[in-house]
Amino acid sequence: MKTADLSEYDRYLFHQGTNYHAQEMLGAHYVTVDGVRGVRFAVWAPHASEVSVVGDFNSWDTRVNPMERIGDGEIWTCFIPELPSGTVYKYAIRPPWGGVHIMKADPYGFFAERKPATASKTYDFKEYEWHDAAWMEETAKGRSYEKPMLTYEVHLGSWRRSPDNDYLSYRQLAEELVDYAVKMHYTHLEFMPLCEHPYDGSWGYQATGYFAVTSRYGTPEDFKYLVDCAHRKGIGIIMDWVPGHFCNNDEGLRHFDGPNLYESDNPQLAENKGWGTTNFDYGRTEVQSFLISNALFWFEEYHIDGLRIDAVANMLYLNYGREEGEWLPNKYGGTGNLEAMEFIKRLNTAVFREHPGALMLAEESTDWPMISRPVDMGGMGFNYKWNMGWMNDILEYVSLDPVYRKWNQDKLTFSLMYAFSENFVLPLSHDEVVHGKCSLISKMPGDYWQKFAGLRGFFGYWLAHPGKKLLFMGGEFGQFIEWNFDDSLDWHLVEQYEMHKKLSDCSAALNEFYVSEPSMWEVDFTWNGFEWIDCDDTDNSVISFVRKTKDGKDFVIAVCNFTPEVRHGYRIGVPREGIYEEVFNTDETRWGGSGVQNTGKLETEAVPWQWRDNSLVLTLPPLATVYLKFREEKKKPRAKKHVESRRDIK
């Protein structure tokens, strides 16, 4: 961890909103002063009339270690010698109106007590020896658009627990979780928020310590080890990050030095009644320095590969989640939060300037344009956006009894009307398997067998649809109950029940097929990588389409049957005359299916179909997706060689 001095220039940049490494100046840093090693504390508290550092080391006495104003008086600092690493502390802040001190955790603190305790802890960062140089060099090239991205979303506290129901540590997860991701052929792990937070039930989305990786699972070095292990085994790390709102707990940022500081003075902008949180003031330059520094900190200190930004719509819209009379339009009369828009652009510009290969993913639920377009093109600067419209439509569709799907085919096909308007990720996230929404497999209609068949077929469709992919933990093996943040996934289902084990095996095989086939991901964001074969067969609830590589020479045909009926003699038009092979079928018996397959060589017929000169006749298995690949040219009959006879000789 670098330590910057409290120079006039650093403070100037901080107040300008352009000190993007503010954590090197503020917070608690181990330094040596006059030959004595200790901790330099520095905190931004412009309204405070008095600030001191308190903790067990001084019996929480506000008189022992007072801080002094420096410069323009907005930053307070002091040096305390010979404090050991791990010392518990808070800032005791007397507000401008006097009265009792407010006890606050350090906004720039690098570590914290394990909940339910709420104090910060000094942390003496040692030089960590990274082993991921090859990974970092490759990802810096920024070629993610033309690579597979199959992300496994994980809540570390409930993916798996110890036999006594305690959390696994970062180091345990470095072995168990990373090895599982490799085994299942995921390309990335996305962690739900790991900034320090007081309440487990917030899932990490209400933070108090933005620079402190949560102590629930270990130390900062332990988390570095987890990231390092993932990179060495070819797995990228994305972390959920929440710059939209923060926790209201007394020890946090709210009313930090008495009045509003990190939040707006306008209560309509500051209060987030829907979530019981407080919104950041994006127009305050010091808040910009705080948040952009924090984003870069996770890339630089912990080598993460990307940030998934939560609740971007809450940032962009003044009226998001608000009733009439609870918000005011901007100066142009619109609903956009102009200060948040400018902040997001500055954030993404700063991240990509420092880390060109970074992943910046927006969870944005509206039709706000150009979310994943560069700032210099008029966009918001993210490079990916979650496709919430696709997610809502498709989950509604697959939840329908198959008898009703024929009247709702638009929910299956409408996504291709806008699939290339953004760089989309297709998320099947944690939000869709909680609060009465049911788990993925429970959403599937029908009997026990049909639920598993439906989910396997759905996974086949999802992986073939244009866009990068994300799946929340437990979906891959068919967890029946909704996700519970306070308990482990039901791993016994895979260990004891055949259908769950077969679904898990099918998921792994589908994932492996996806990452090994460039046609499934090389062109995700333009029509050059996709062609409909047929999107109009509503009577049979069947769709068929082609995914292609950049040069168009290699392709995969996907055919999806969303009914439990076997379709015999089903004809589809194909791009090329010749011999095809069924290369994946979610109905195979080894996956728990009924075993309806198209075996052997599949030869095209010169029967024009669906605007193509050649076609194939298939048998479509029930509630299943099949993939086909072209294998070879059709062998043409040999011309008979003419042999001269005696009668030909004159």
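The values are calculated or read from the model by the stated rules, or taken from the named source; none is laboratory data. This is a predicted model, so every value here is computed, not measured. Don't worry about glycine lacking a Cβ; one is built from the backbone with ideal geometry, like all the others, and counts go over all protein chains shown.
Structure values in brief
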| item | result |
| --- | --- |
| Test: Gly17 is more than 27 Å from Gly86 (Cβ to Cβ), crowded, with 19+ Cβ neighbours inside 10 Å and touching an Asp or Glu at 6+ places or on another chain (Cβ under 9 Å) | yes |
| Subset tally (residues that are touching a residue at least 40 places away in the same chain (Cβ under 8 Å), within 16 Å of Val515 (Cα to Cα) and β-branched (Val, Ile, Thr)) for the stretch 541-556 | 1 |
| The lone exception for Gly529 - which of (1) surrounded by fewer than 19 Cβ atoms within 10 Å (Cβ to Cβ); (2) touching a helix residue (DSSP H, G or I) at 6+ places or on another chain (Cβ under 8 Å); (3) not aliphatic (A, V, I, L, M) it fails | (1) |
| Glu138 within 22 Å of the chain's Cα centre (by Cα) and not aliphatic (A, V, I, L, M) | yes |
| Members of the stretch 174-203 found to be in a loop (DSSP other than H, G, I, E, B), out of contact with any Asp or Glu (no Cβ under 7 Å at 6 or more places or on another chain) and within 14 Å of Ile238 (Cβ to Cβ), listed by number | Tyr186, Thr187, Leu194 |
| Yes/no for Met25 being at pLDDT below 95 and either closer than 21 Å to Leu253 by Cβ or in contact with a helix residue (DSSP H, G or I) (Cβ under 9 Å, 6 or more places away or on another chain) (or both) | no |
| Candidate set from the stretch 601-611 (those that are within 40 Å of the chain's Cα centre (by Cα) and surrounded by fewer than 17 Cβ atoms within 10 Å (Cβ to Cβ)); member that is farthest from Tyr570 (Cα to Cα) | Trp611 |
| Flag if Phe458 is touching a Gly at 6+ places or on another chain (Cβ under 9 Å) and buried (at least 19 other Cβ atoms within 10 Å of the Cβ) | no |
| Pair list, Cβ < 7 Å and 6+ apart or interchain, from the stretch 438-461 residues that are touching a residue at least 60 places away in the same chain (Cβ under 8 Å) and outside the structural domain of Val626 (by TED's automatic domain parsing) to residues that are part of a helix (DSSP H, G or I) and of a type in the set (S, T, N, Q) | Phe459/Ser507 |
| Scope the stretch 365-379; condition buried (at least 16 other Cβ atoms within 10 Å of the Cβ), over 12 Å from Asn423 (Cβ atoms) and under 18 Å from the mean Cα position of the chain (by Cα); matching residues | Ser365 |
| Given (1) more than 33 Å from the chain's Cα centre (by Cα); (2) of a type in the set (Gly, Ala, Ser); (3) surrounded by 22 or more Cβ atoms within 10 Å (Cβ to Cβ); (4) in a loop (DSSP other than H, G, I, E, B), index of the condition Gly109 fails | (1) |
| The stretch 112-150, subset of a type in the set (A, V, I, L, M, F, W, C) and assigned to a helix (DSSP H, G or I), residue surrounded by the most Cβ atoms within 10 Å (Cβ to Cβ) | Trp135 |
| Tabulated pairs, the stretch 72-88, first buried (at least 18 other Cβ atoms within 10 Å of the Cβ), second of a type in the set (Val, Ile, Thr) and in a loop (DSSP other than H, G, I, E, B), C-beta under 7 angstrom, 6+ apart or interchain | Leu83/Thr122; Thr87/Thr122 |
| Residue satisfying all of: in the stretch 400-426; in a loop (DSSP other than H, G, I, E, B) and surrounded by 17 or more Cβ atoms within 10 Å (Cβ to Cβ); nearest to the chain's Cα centre (by Cα) among these | Asn423 |
| Test for Phe290: is it touching a Pro at 6+ places or on another chain (Cβ under 8 Å) and within 29 Å of Met25 (Cα to Cα) | yes |
| Every pair of residues 6+ apart whose Cβ atoms lie under 8 Å, when the first sits in the stretch 259-273 and is within 19 Å of Gly17 (Cα to Cα) while the second is part of a loop (DSSP other than H, G, I, E, B) and aliphatic (A, V, I, L, M) | Leu261/Ala45; Leu261/Leu253; Tyr262/Leu253; Glu263/Leu253 |
| Among residues of the stretch 323-343, those that are within 26 Å of the chain's Cα centre (by Cα) and either basic (Lys, Arg) or surrounded by 17 or more Cβ atoms within 10 Å (Cβ to Cβ) (or both), counted | 4 |
| Among the candidates Tyr91, Tyr30, Tyr20, Tyr12, residue that is free of Cβ contacts under 8 Å to residues at least 24 places away in the same chain and of a type in the set (Ser, Thr, Tyr) | Tyr12 |
| Filter result for Leu347 (touching a residue at least 12 places away in the same chain (Cβ under 8 Å), assigned to a helix (DSSP H, G or I) and not acidic (Asp, Glu)) | yes |
| Single match in Thr563, Thr625, Thr619, Thr604 (criterion: among the β-branched types (Val, Ile, Thr), touching a Cys at 6+ places or on another chain (Cβ under 7 Å) and at pLDDT 95 or above) | Thr625 |
